[in-house]
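Here is the structure we will look at, set down as structure tokens.
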Amino acid sequence: MDIRSSLIAWRLLAAIGEKSGLARAAESLDLDPGRASRLIHSLEAALECELLTRTERPLGLTEEARTLLPAAQEYIRAHDALIAATKAAAPKIEHLRIGVPVNIARKEILEVLSLPHLKSAVKTVNIVPEADLDDLREKRIDLAILPHTPEDRDIAALPICETCTCGLASPEYIAKYGSPASPEELTRHSLILRRGGSYPEARMLLRGSQTAPLCCERVAYAGDLSTCKELTVLGHGICFDLSLGVTYNHRRAGKLVPVLPQWHRPKWQLSCSILVSRKRERRLFSFARDLALALRKPLDERTRRWYEGIGVAYDE
């Protein structure tokens, strides 16, 4: 195939202009960096011009590339419109059950599910809270948005974005017991831990290249998210298991404050998971792939903003 008609090559070029860099553009399209570089080189050879400014970092677009960009974007839009039209004409999924842990904010998920190409693919969607891998295996749900990437050969996991959690406590707790200056000082404090389901348990804290075990004087509570959050707000201990999204309004209102700035739990990847055996159900797998891709940008942008608020670097 002539590289000049390669949709993925033009998508990559447009993404470089948007993301300011080949690496970030390749990641946004789920492309291997080596393949992305080869695509650009092949496109440059076919067009007989340079498309990237290789004397600066991150790589940007040359004037020649920017001249081509409007036509490339129109080509991409036309293709996407054709795909959307074919999906609209296809039979819809009658009823889709998506498992979403309560620790993951719903706002971006609901907005993405309202996108035309996803909304037109399914008649009804049911969000199932606290569903786990057993629910996926037993087909009580069709897809699962998970706060991790399952290492299970029966599960196909489509990556979305990274996330982490930091220490939070109420101002009343800090006023009464003080704020720990280091992870070691947590041994004089009470911890509130979330446990159960597929949620990864807190055991270690990180700050850059530093690591420290998560130890405490006592565990005030270990269990479900709602109770963990309420106990933390009421001043019963420090919690490292509350997501930045679920606690956003509490932090803005001053009801929860960060503890041990820049220290956080090890980062993990959110994923959209489906049974490998159900990949043969083309409409379902296509929906899972489209959902994961659509969630990447809003969740990536949201996570970057939250990381800035707690002084944690976002991994490219």
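What follows draws every value from the coordinates through simple rules; no lab data is involved. In this text, all values refer to a predicted model and were calculated from it rather than measured experimentally. Using ideal geometry, Cβ is built from the backbone for each residue, glycine included, and neighbour counts are taken over all protein chains shown.
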Quiz item: Restricting the count to DSSP beta bridges whose residues both fall in the chain, what percent are antiparallel, rounded to a multiple of 5?
Solution: 60 percent
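Report the net charge of residues surrounding Q262, where surrounding means a beta-carbon distance below 12 angstrom and charges are Lys +1, Arg +1, Asp -1, Glu -1.
The answer is 0.
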Quiz item: trypsin sites (Lys or Arg not before Pro), restricted to region 78-140: which are DSSP loop and have at most 11 other Cβ atoms within 10 Å?
Solution: K139
Self-check item: Of V100, H79, Y314, farthest towards positive along the dipole that unit charges on Lys, Arg, Asp, Glu beta carbons give the chain
Solution: V100
Practice problem: Given the options I93, I141, I104, state which has the largest fluctuation in a GNM of the chain using a 10 Å cut-off (strictly under) for Cα springs. | Solution: I93
Exercise. Quick one: dipole size for region 168-264, taken about the Cα centre, charges +1 on Lys/Arg Cβ and -1 on Asp/Glu Cβ, in debye to the nearest 20.
Key: 160 debye
Quiz item: How much length is gained if the chain between L293 and T124 is pulled fully straight, taking 0.36 nm per residue apart and subtracting their Cα-Cα distance, in nm to one decimal?
Solution: 58.8 nm
Quiz item: At q = 0.20, 0.24 Å⁻¹, what is the log10 ratio I(q)/I(0) for region 3-88, with the Debye formula run over Cα points and no solvent?
Solution: -0.89, -1.24
Self-check item: Among L118, L206, L31: highest mean-square fluctuation, GNM of the chain, C-alpha pairs under 10 Å
Solution: L31
Quiz prompt | Where labels lie 7 Å past Cα in the beta-carbon direction, separation of R203 and K267 in nm | solution = 2.1 nm
Self-check item: Per-residue HN-Hα couplings for region 253-268 [Karplus 6.51, -1.76, 1.60; θ = phi - 60°; Hz; x = Gly/Pro]
Solution: 7, x, 7, 9, 10, x, 10, 6, x, 6, 7, 8, 6, x, 6, 9
Practice problem: May I ask which of K119/K229; K92/K297; K139/K267; K119/K279 have a Cα-Cα span longer than 22 Å here? | Solution: K119/K229; K92/K297; K139/K267
Self-check item: Taking the convex hull of Cα positions in the chain, its mean projected area over all directions (nm²)
Solution: 18.6 nm²
Quiz item: For region 236-250, in order, what is each residue's ³J(HN,Hα) by Karplus, 6.51 cos²θ - 1.76 cosθ + 1.60 with θ = phi - 60°, in whole Hz (x at glycine and Pro)?
Solution: 8, x, 9, 10, 10, 10, 9, 5, 5, x, 5, 9, 4, 5, 5
